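Bear in mind that the values in this text are calculations on the coordinates, not laboratory data. Nothing here was measured: the structure is a model prediction, and the numbers come from that model. Glycine also receives a Cβ, built like all others from the backbone with ideal geometry; neighbour counts cover every protein chain displayed.
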Amino acid sequence: MTVTFDPVNKWILLPDLSPNYTITAQEVYNSCMDWCDSQEAMDDDPPMRSTGYANLGGGAYSDKIFVLQKGWRLKPYSGTYTLKVTGTIIALDDEGNPYERTVPPDSGTIIWEFQVSSQGIVVPDVAEWTQTEKDGIIFDVTLIKSKVTKPMIIP
């Protein structure tokens, strides 16, 4: 699966994603940044930028937002299918106005499904318990243990 680029038309060409037809916004962005580092792209503006993942404190971070810019758009592989993009991708022109982020395939019909976070907050896998939370769990376990009857031993 390789994302390619058409700098003349400003298209980010998505590969054939069968059988599940899913790609993440992060994968698209990573491909863009790799392409920007190539000799082929030296004269071109970056197709995307990113923002977000701001530290909100307590181990929580805001959602990442990926921004198509300078007229760049996503172009899917030809065919008829539903294409799911997981993550927040928006398209903004130089003045900050939104524009259409996709173009149709050469043939077929694509139904785009953009799956974004409804909460916009990312909590890392590593979480630390507060002492109050720990004490509450210990209290609950102790309470439950006191209510459990001893097993009946039949001689």
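Spin-label model, Ser62 to Thr132: label points 7 Å out along the Cα-to-beta-carbon direction sit 2.6 nm apart.
Electrostatic bookkeeping for Ser117 treats Lys and Arg as +1 and Asp and Glu as -1; over the other residues with beta carbon under 12 Å from its beta carbon, the sum is 0. The tail of the calculated P(r) for the range 4-123 beyond 19 Å holds 50 percent of all Cα-Cα pairs. Placing a label point 7 Å from the Cα of Ser117 along the Cα-to-Cβ line, the residues of the range 79-108 whose backbone N sits under 17 Å from it are 85-90. Restricting the chymotrypsin sites (Phe, Trp or Tyr not before Pro) of the range 39-122 to loop positions (DSSP other than H, G, I, E, B) with no more than 13 neighbouring Cβ atoms within 10 Å leaves Tyr53, Tyr99.
Between the amide H of Thr102 and those of Leu74, distances stay under 5 Å, these residues lying 5 or more places away or on another chain, with hydrogens modeled in the peptide plane.
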